[in-house]
């Protein structure tokens, strides 16, 4: 199976991986004086994701209490057959690019050690050769 990750150039502190699509989206959302039509479109897209994409309950392989709050090692990837989520991601990517946020697509079959999985996505701690 192929997996997709949508990233921007900024790196995640202490992880060496690039930030994902939603980091850029929430940064855009916080821009003061954002045009209403942009703000509305952005909120519509983010609302769709909140309603249709589960927030993973695990981002690392730690079994200790409070591990979700620790620095995470897991990266989120869409499964290739998550067509609705990927389609909405492309809509969000277009909006972000129009507003100065460059987004790249990473594709791989080797996401790493999977710590969370559902029908649309996985969270995995990357292998040394996983593109990040």
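Just so you know, all these numbers are worked out from the coordinates, no wet-lab data involved. All figures in this text were calculated on a predicted structure; none of them were measured in a lab.
Principal axis extents of the Cα atoms in the chain, from largest to smallest and rounded to whole angstrom, are 43, 30, 27. Based on Cα atoms of the range 69-132, Rg over Rh with Rh as the Kirkwood radius reads 1.01. Normalised Debye scattering of the range 1-67 at q = 0.21, 0.23 Å⁻¹ gives log10 I(q)/I(0) of -1.11, -1.18, counting only Cα atoms as equal scatterers and leaving out solvent. Taking the C-alpha atoms only, the angle from helix 36-52 to the longest principal axis of the chain is near 30 degrees.
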